[in-house]
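Below: the structure, in structure tokens.
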Amino acid sequence: MPRNADAPPPVQLVLDFDSTIVALEGLDELARIALAEDPERERTVEAIEAITRDGMSGAIGIDESLRRRLAMLTIRRKHVDAVVRLLRRRLSPSFRKHIAAVRRNAGRIHVVSSGFREYVEPVCADLGIAAGRVHCNALRWKGDRVVGFDETGPLAKPGGKAKVVRGLRLPGRVVAIGDGITDAEIRDAGAAHEFVAYCENIEREAAVARADRVARSVDELLWLYRLPGSPSFPKSRMAALLCENVHPDAAKALRDEGYRVEMVSDALPEDELARAVRGVSILGIRSKSRITPRVLAEADRLLAVGCFCIGTEQVDLAAAAGRGVAVFNAPYSNTRSVVELAIGEIVMLLRRVPDSVRLLHDGGWRKSATGCTEVRGKVLGIVGYGHIGSQLSILAESMGMQVIYHDLEERLALGNARKCRTLGELLAKSDAVSLHVDGRPSNRNLIGERELRRMKPGAVLLNLARGHVVDLDAVAASIRAGHLGGAGVDVFPEEPLSNRDPFDCPLRGLPNVILTPHVGGSTAEAQQAIGEFVAARLVDFVNTGGTGGCVNLPQITAPPVPRAHRFLHLHRNQPGVLAAVNAVLAKRRINILGQALRTDDAMGYLVTDVDRRYAADVVDELKAIPGTARLRVLY
């Protein structure tokens, strides 16, 4: 929600250090460093970590916890210097990501830690938190060696955190934030108004049970308390649902951004998907999930759909656009994988390998060259000369094949490939025909009984494109009649939703037929590339509003603008919307820092960067403009 960035903050934040500001427990890491050459290192570190857990859960007092751990160690200054370097590298991810916002709010932060000043203070200084706002224990030294700690300080005793915070006499609402019971005790003792269990790095059940709120990132803390630099909505409260075994790298990229990610191995039927998308901000699918108007109607928080594949016909693009939901795909990432499978199947089919394989598995033996040919000198007809078709052209020609192609659009011929004016001409000349067209309705049954009759006797057909492009009953009849020499099919009009469901098609059991379960792009390399590519598009859209690569909304590249708020206004493409938006901003005397508008036949997309000062009800006015499909406010 927009707010005046210069208004005084409503809260004072009291932050823990270990496992909150940094992702580690400082003293435990100091132990690992100090014990580096000790043969009993692992056993001793495990014992120290157990003591740490007991202290965090309240099973033992902080004084006993510190005393017992330090007694097991010989610590020198070089060890402390090393742990400072380590902790600086291991800031909690969201603290590192939002370091500018932390520094901006450093005057409202106090760090109260049971750790030691020698390593806490330098890390806090990097965040702009002054030494006077850092409250922790201190080591006692004898020369270069630690000989204990100051046991007289309040933080070296049970209940010390609450005592320190009470002594600060902080104005306003005081919020204690941390991952342990000692942080909850600050509120319990009346020194803070509430306790937030911070669970970015570790979630302690006992702390969560006592918490007034739970937060998993810095941006969530900023948002909860409406502090300067807060987002319109924190990512840690945004859910991403990835279906159909999307590559784990995609999930990692989204988790690294702060999203809560759920992964489902199968495609979900419409009823289940409609229930599953409620509350989901990002939806990832592959080819089998169907994003229908009904599913979109239930998707109350959906911002974007990522199709982790080439095609997008499984999504109702117009319905998604009408709701302001962006759809992204990966048009290039699995090109090589599909091409390699096509090349392999062409070789196998022209050598009639499927029949030999079947016979050998059945215990037979037939060594014969009958009907088996080389690919060299044969004619490959490619239907659809886009990314995949053109790459197939290059590899096939390098194997000595002559390549002809047919495409409705004008395409640059690569190598010695020649364009055919008609599909019929291509079919009549080709020894092998490979289909690489998109899923538009006009391509349904592109290859049927009439087209098969035009193919050369003994020619083979490959479909690695879309299931509805080929009439499989007609293909089966042609193979049985001895006209078509064989077929390789990777995609089918009806495909099982999961690996547990049965499969059937008219080509099962026929000679010289290769059936594969929609695995053209299913290589480790392709799926990783797709996962990285689509996840990056989704992240950029949520972070900046950029629609580069979007298939259903006008495309705008929108780099972030510092010290600004950004309005993303999706609307029907109708006259007067831009004027209406600017009229609202002018009436409210809101300064526009930058603006970009793109339209297509149906939709318009307006990105407007404005000064941070504006009243919250401006957003309601912008939403009320006729034609508005969706309004988002960024940072």
* Structure fact -> Quick calc: nm separation of the 7 Å Cα→Cβ label points for residue 515 and residue 596 -> 4.8
* **Rounded to 10°, Cα long-axis angle of helix 41-57 versus longest principal axis of the chain** => 70
* Please list, or write none, the aspartates and glutamates whose alpha carbon is within less than 17 Å of the alpha carbon of residue 587, excluding same-chain residues fewer than 8 places away. => 609, 611, 617, 620, 621
* Return the aspartates and glutamates within reach of residue 157: Cα separation strictly under 14 angstrom, same-chain partners fewer than 8 residues apart disregarded; answer none if there are no such residues. => 63, 64, 183, 185
* To do: Measure up 252/288; 235/623; 78/252; 252/623 against 25 Å on the Cα-Cα distance and list the ones that go over.
  => 78/252; 252/623
* **Residues listed by number, segment 256-293, amide nitrogen under 18 Å from residue 208 label point at 7 Å toward C-beta** => 258-263
* Structure fact -> Using alpha-carbon positions, the gyration tensor of segment 339-450 gives root eigenvalues a ≥ b ≥ c; with a/c under 1.5 called rounded, otherwise prolate if a/b exceeds b/c, else oblate, the class is prolate
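Is the shape of segment 11-224 rounded, prolate or oblate, going by the alpha carbon gyration tensor and its root eigenvalues a ≥ b ≥ c, with a/c under 1.5 for rounded and a/b larger than b/c for prolate?
Prolate, since a/c reaches 1.5 and a/b exceeds b/c.
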* residue 147 paired with residue 480, simple spin-label distance in nm, labels 7 Å along Cα-to-beta-carbon -> 9.7
* Please state the equivalent ellipsoid semi-axes for the chain: what are the square roots of 5 times the Cα gyration tensor eigenvalues, largest first, in whole Å? -> 60, 33, 19
* Helix 524-544 versus the longest principal axis of the chain: what angle, 0 to 90°, nearest 10, using Cα atoms? -> 60
* Among beta bridges that DSSP assigns inside segment 11-224, antiparallel share in %, nearest 5 -> 25
* Asked: Among bridges DSSP assigns within the chain, what percent are antiparallel (round to 5)?
  -> 35
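Extension gain residue 272-residue 449, at 0.36 nm per residue separation less the Cα-Cα distance, in nm?
Numbers: separation 177, 0.36 × 177 = 63.72 nm, distance 3.78 nm.
Result for the pair: 59.9 nm of gain on full extension.
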* To do: Using only Cα atoms, find the angle between the long axis of helix 577-587 and the longest principal axis of the chain, and express it within 0 to 90 degrees, rounded to the nearest 10.
  => 10
* **Local electrostatic count at residue 212 - Lys and Arg +1, Asp and Glu -1, tallied over other residues with Cβ under 13 Å** => +1
* To do: Grab the alpha carbons of segment 215-324, take their convex hull, and tell me the volume per residue in Å³.
  => 105
* Asked: In terms of Cα to Cα distance under 27 Å, which lysines are near enough to residue 456, apart from those fewer than 8 places away along the same chain?
  -> 367, 378, 419, 429
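Please order 397, 262, 37 by the number of other Cβ within 10 Å, starting at the fewest. Before the final figure, lay out each step's value.
Working: 397 16, 262 13, 37 6.
In increasing order of surrounding Cβ atoms, one gets 37, 262, 397.
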* To do: Classify segment 510-606 as rounded, prolate or oblate from the Cα gyration tensor: take a ≥ b ≥ c as the square roots of its eigenvalues, call it rounded if a/c is under 1.5, otherwise prolate when a/b beats b/c and oblate if not.
  => oblate
* Structure fact -> For residue 188 and residue 361, extending 7 Å from Cα along the Cα-Cβ vector and measuring point to point gives, in nm, a value of 6.5
* Length-normalised contact order of the chain in % [C-alpha pairs under 8 Å, at least 6 apart] -> 11
* Asked: To the nearest 500 deg cm²/dmol, what mean residue ellipticity at 222 nm is calculated for the chain from DSSP H runs of n ≥ 4 alone, each contributing -39,500 (n - 2.57), summed and divided by the residues?
  -> -10000 deg cm²/dmol
* Where nothing but the Cβ of Lys and Arg (+1) and of Asp and Glu (-1) is charged, how large is the charge dipole of the chain around its Cα centre, in debye to the nearest 20? -> 1460
* Kirkwood-based Rg to Rh ratio, segment 554-634, C-alpha trace -> 0.93
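A short reminder: the numbers here are calculations on the coordinates, not readings from a lab. A quick note: this is a predicted structure, and the numbers were derived from the prediction, not measured. Every residue, glycine as well, gets a Cβ built from its backbone with ideal geometry; the counts of neighbours run over all protein chains shown.
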